[in-house]
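Before any comments, here is the structure.
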There are 2 protein chains.
Amino acid sequence: MASTETEAAAPARRADARRNREKLLAAAVELFAVAGQDVPLEAIAERAGVGIGTLYRNFPTREALAEAAYRNEVRRLCDAADELLARRAPEDALAEWMDRFVTYVAAKRSMAGILQTVIAAGDPGLYTDARGRMAAAIRSLIEAAEAAGTIRRGVEPDDVLRVMSGIWLVSDGPDWSERARRMLGLLMDGLRYGAGEGRAA
Amino acid sequence: MASTETEAAAPARRADARRNREKLLAAAVELFAVAGQDVPLEAIAERAGVGIGTLYRNFPTREALAEAAYRNEVRRLCDAADELLARRAPEDALAEWMDRFVTYVAAKRSMAGILQTVIAAGDPGLYTDARGRMAAAIRSLIEAAEAAGTIRRGVEPDDVLRVMSGIWLVSDGPDWSERARRMLGLLMDGLRYGAGEGRAA
DNA sequence: CGGCCAAGCGGAGGCGGCCTCCGCGGCCCC
DNA sequence: GGGGCCGCGGAGGCCGCCTCCGCTTGGCCG
């Protein structure tokens, strides 16, 4: 969980600066989702409640903003795994994490075009990195649920991630997220099947 | 060779209008090549020697212009096959056609980004159609050269096109077109090998 | 706790590209 | 050769990008 320097890198900055950066990232995700990837940067600054100058100081280009926003979403999603495990029964934690995953994929979809550009412009590891982090998050959720005996044993985190990623292919539409949630509900039921058998391998 | 209605569709238009359209298509190919796919449309209009209004009347969007320019390049390339056959020895016609193919691919490369958008926005047959036309052009060139006994017999047009398309993968650089030409030179030598054997299959 | 000062803010404004709109010119048909 | 209308062109409004600099405020030190 040691944050890489490409991510936070903000220990020496002023508190208000860090806050503004956060607000910009949140506003960016929000507006990319509702207004498309061509949303004016000025609209994002306004939504964040900061000046356009602050946006440009933090993120020199649209691509830089989108990349940072995406990395931030990945981080928030993965951090949520630990938080959920601390406050919920493992099975509920896993189910709710899947719910958050749907939100994450929705955000990623709305930024896919720009992220494409980012990767083409020389950041080939963007998705690879994200996948690794998410697999780790899934591993801790699964292990906790296995230990509690509420899901079957011997499930591979990578396989779960792959199945979850399938919601990417659900075609766009007003009911996109409902469909996605139903699909992950099926997966969750699959994981529950045969729970509690063969405790110590 | 009956032109489809998606291509010319300009029998009832005035002569100057048709001329302006041609000039715009030529200018677009030229400027996309030297100035990239974000070149201002005003620059294209200026290069064509027409007003910006004329550009927009003919091509409502950047994508429409790029698509029309691309289709036009394909048509010009394929038409060149017949012209060359009428004025040159078949072997020379084929060799020179390959030279023009390099120019065509260079143009296509410079528009690849926009064409990607066009296809994504619902014109999936764009490349398929082009490939079919080019294969037909190659067939007539090959058949003439076979009949003259200057290249081997039994070569498939589709195979030749596939090999030729390989120049797409040559990485960008100042010597791109020289490399591409050398590659097609190799292909040409391969076609010459064993010429004149087994005349009547 | 108060004062200092630089890190950080913000938004006006210049720039440039997009696209429309309409008065005029010249092409085509008779 | 004349008239009608098709098509031309580019001025101009709009909008988004990005910079630049005077002001604000957080954080530290005495």
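Based on Cα atoms of chain A, Rg over Rh with Rh as the Kirkwood radius reads 1.01. Here the Karplus curve 6.51 cos²θ - 1.76 cosθ + 1.60, taken at θ = phi - 60°, turns the phi angles of the range A:109-118 into couplings of 4, 6, 10, 3, x, 5, 4, 3, 4, 4 Hz, with x standing for Gly and Pro.
The residue list A:Y193, B:A27, B:T128 was ranked by how far each Cα lies along the charge dipole of the protein assembly as shown toward its positive end, using unit charges on Cβ atoms, and B:A27 comes out on top. Qualifying chymotrypsin sites (Phe, Trp or Tyr not before Pro) in the range B:141-201, where qualification requires a DSSP coil assignment and no more than 12 other C-beta atoms within 10 Å, comprise B:Y193.
Counted by neighbouring Cβ atoms within 10 Å, the residues B:S165, A:S110, A:S177 run from fewest to most as B:S165, A:S177, A:S110. Note on the protein assembly as shown: Kirkwood radius taken over Cα pairs, Stokes-Einstein applied at 4 °C and 1.567 mPa s, translational D equal to 50 µm² s⁻¹. With K and R counted +1 and D and E -1, the other residues having a Cβ less than 9 Å from that of B:Y104 yield a net charge of +2. Net charge dipole, the protein assembly as shown: roughly 380 debye, given to the nearest 20, about the Cα centre with Cβ charges of +1 for Lys and Arg and -1 for Asp and Glu.
If Lys and Arg each add +1 and Asp and Glu each add -1, what is the summed charge of the other residues whose beta carbon sits under 11 Å from the beta carbon of B:Y56? Here the charged neighbours net out to +1. With the label put 7 angstrom out from Cα along the Cα-to-Cβ vector, B:G132 ends up 4.7 nm from the copy partners, going from closest to farthest.
Helical runs assigned H by DSSP (4 residues or longer) give chain A a calculated mean residue ellipticity at 222 nm of -24000 deg cm²/dmol, each run adding -39500 (n - 2.57) before division by the residue total.
The range A:44-92 and the range B:87-112 have their alpha-carbon centroids 50 Å apart. Placing pseudo-labels 7 Å out from each Cα toward the beta carbon at B:W176 and B:E46 gives an inter-label distance of 2.4 nm. Between A:V163 and A:D123, the C-beta separation translates, for a Förster distance of 22 Å, into a calculated FRET efficiency of about 0.25. Figure legend: label point modelled 7 angstrom from the Cα of A:R57 along Cα→Cβ; residues of the range A:12-43 with amide N under 19 Å from it are A:12-28, A:41-43.
Of all chain A C-beta atoms, the nearest to the rotation axis linking A with B is recorded, alongside its rounded Å distance, as A:Q116, 5. Look at where the Cα atoms of the range B:139-178 and of the range A:140-179 average out, and the two centres are 49 Å apart. Summary for B:E197: label point 7 Å along Cα→Cβ; distances to the equivalent points in the other copies, ascending, 6.5 nm.
Among B:Y70, B:A12, B:A137, which residue has its Cα positioned farthest towards the positive end of the charge dipole of the protein assembly as shown, with +1 placed on the Cβ of Lys and Arg, -1 on the Cβ of Asp and Glu, and the dipole taken about the Cα centre? Sorting the options by dipole projection puts first B:A12. Ordering B:74-83, A:35-44, A:117-126 by mean Cβ neighbour count within 10 Å, with the highest value first, yields B:74-83, A:35-44, A:117-126.
Among residues other than B:S177 with Cβ under 14 Å from its Cβ, the summed charge is +2 (Lys and Arg +1, Asp and Glu -1).
Laboratory data are not the source of any read-out in this text; all were calculated from the coordinates shown. Computed from a predicted model, the values in this text were never measured in an experiment. Here Cβ is always computed from backbone atoms with ideal geometry, including for glycine, and neighbour counts include all displayed protein chains.
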